[in-house]
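Each remark here refers to the structure printed beneath this line.
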Amino acid sequence: MEIFYLLIAVIAIIILTTKLKIHAFLALFIISILYGIFAGMPYAEIIISINDGFGGTLGKIGLIIVLGVIIGAFLEHTGGAFAIAEKVLSIIGKKRVPTAMGIIGYIVSIPVFADSGFMLLHPLNKSLSKKAKISIAGPAIALGLGLMASHTMVPPTPGPIAAAGILGADLGLVIAFGFPTSIVALIVGIIFAKKYASKTLIEPNVENAMEAEREIKDSPSALKASIPILVPIFLIVLKSVLNSVNFAQDGELIALINFVGEPVISLLIGVFLCLLLPKKLNYDMLSSAGWVGKAIKDAASILLITGAGGIFGKILQNSGIADILGQTLTDYNMGIFLPFVLAAALKTAQGSSTVALVTTASIIMPMMSSLGFETEIQKALVVVVIGAGSAVISHANDSFFWVVTQMSGMNVKTGYRLFGLGTGILGLTGAITVFVFYSIFA
């Protein structure tokens, strides 16, 4: 019955937000509670899930969202985003914006969480779309899929590393197969974004867009404007590299790198670097009525919706639906596709790609020998195919779904049609690619 209730819950969210125009925060919050009640969860467990889901989700990415919005505000108001857009467009051409955003997103999300990566790159995405005079839908979906591809299939992101550790897979082989698999999936994702998503007209919401030429004239150089984005990414990558190669953790320098490499601290550094962008810094920009105040107000709705998505995911997770799906699917021996289907079911049910990766690996681990996954190559391919499954399908219970759709101006129905479908295509392409590798090498 829990699976039936899940389907009803998803349909109810779509109807409430699209037909009845109810705010997504209220829709998610109310449906989460009703699902918990109908699924037979103890009332105390529902309350715990609400607190843990909201607090846990915003505890991880809440400050990242706020800081990312502030960086975006400075890039927009100073004209820095337009300067970067001009430079990028001069290199790639006006018709290749989705391709550029997909590739940039893919690279950034290897060390950076997809949510924070989207926040960092979204101002650039809006400006590129505006300058190219195209709908933001195509570039936004390409960016989201690029971030999702490496986030789920390429170490050193936490999910693939955790799955490799649980299954005892060689991390070098996981990377060796994860890179080509995710790149093939990304290429198909970019094609989907260009050929399908870009046909949905969504105007890039860039404030003062009519004054773009004046902003270009008074804006910082493209290199200077890139610093608040590049420095946080560099710091996060540096920390990730040091941790992934088991570098000696002793010493003040290493402790400092680990500190500044935390996404919250690195993005805060990015905010301070934004103070170098205005031609003349006016401290009113930092006031509650200035750029910072407006950015925080803009972030409030996104924070509430993202937190409510976290509640929905936690309710589903604690309702036991993951165990039910696991028991149902493991009865069918589908070879290398079994880990994919299981991860996809868990991802779709509870929202978190990392949870889907870890849970699927934990379920599959005792059955590796009986399923015929014994060699090092087979183990590595299982990790990658689980990662592909954990991309399928991003929807209302996934905080990343709300970040992508709300920041890009998509309603829920459009988000399902573009980003939900796109993640399905991305993950399925990854699974097919793994199947080809499995047939050749395993």
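Every read-out reported here was derived from the displayed coordinates using simple, explicitly stated rules and does not represent laboratory data. If you're wondering where the values come from, they're calculated on a predicted model, not measured in any experiment. Cβ placement follows ideal geometry from the backbone for every residue including glycine, while neighbour counts extend to all protein chains displayed.
Things worth noting here:
- Calculated SAXS-style log₁₀ I(q)/I(0) at q = 0.13, 0.14, 0.16 Å⁻¹ - the stretch 1-113, Debye, Cα scatterers: -0.81, -0.88, -0.97
- Mean sequence separation of contacting Cα pairs (under 8 Å, at least six apart), scaled by the length of the chain, corresponds to a relative contact order of 24 percent.
- Mean-position separation - Cα centroids, the stretch 30-79 and the stretch 250-287, in angstrom: 24 Å
- Database remark: amide H of ILE134 closer than 5 angstrom to no amide H (H placed geometrically; neighbours at sequence offset of 5 or more, or on other chains; Pro and chain starts carry no H).
- Taking Cα centre as origin and charging only the Cβ of basic (Lys, Arg, +1) and acidic (Asp, Glu, -1) residues, the dipole magnitude of the stretch 294-442 rounds to 560 debye.
- Placing unit charges on each Cβ (+1 for Lys and Arg, -1 for Asp and Glu) gives the chain a dipole about its Cα centre, and among LEU128, PHE54, HIS395 the Cα reaching farthest toward its positive end belongs to LEU128.
- Projecting the Cα atoms of GLY309, ILE92, THR405 onto the charge dipole of the chain (Cβ charges, centred on the Cα centre) puts ILE92 farthest toward the positive pole.
- Alpha-carbon centroid distance for the pair the stretch 398-439 / the stretch 119-161, whole angstrom: 11 Å
- A simple charge model with +1 on the Cβ of Lys and Arg, -1 on the Cβ of Asp and Glu and nothing else charged puts the dipole of the chain at about 1600 debye relative to its Cα centre.
- Build a GNM of the chain with springs between Cα atoms under 10 Å apart, and of SER49, SER370, SER390 the one that fluctuates most is SER370.
- Subset of LYS95/LYS224; LYS131/LYS347; LYS194/LYS297; LYS239/LYS280; LYS60/LYS131; LYS131/LYS279 violating a 28 Å alpha-carbon distance limit: LYS131/LYS347; LYS194/LYS297; LYS239/LYS280; LYS60/LYS131
- Spacing of the modelled spin labels on LEU281 and PHE441, each 7 Å from Cα toward Cβ, amounts to 4.9 nm.
- J(HN,Hα) series, the stretch 31-42, from Karplus relation 6.51 cos²θ - 1.76 cosθ + 1.60, nearest Hz, glycine and proline x: 5, 4, 5, 5, 4, x, 5, 5, 7, x, 5, x
- More than 15 angstrom apart: percent of Cα pairs within the stretch 344-432: 60 percent
- Residue with peak Gaussian network fluctuation, the chain [Cα springs, cutoff 10 Å], from VAL184, VAL264, VAL404: VAL184
- The label point for ILE8 and the one for TYR43, both projected 7 Å from the Cα toward the Cβ, are 2.0 nm apart.
- Calculated from backbone phi, Karplus (6.51, -1.76, 1.60) coupling profile of the stretch 133-141 in Hz, x at Gly/Pro: 6, 10, 5, 6, 4, x, x, 5, 5
- Shape category assigned to the stretch 288-442 from the gyration tensor of Cα positions, a/c cut at 1.5: prolate
- Reachable lysines from LYS19, criterion Cα separation under 23 angstrom, eight or more residues apart if same chain: LYS199, LYS413
- Taking the average, over residues, of other Cβ atoms within 10 Å as the packing measure, peptides 276-289, 347-360 rank 347-360, 276-289 from highest down.
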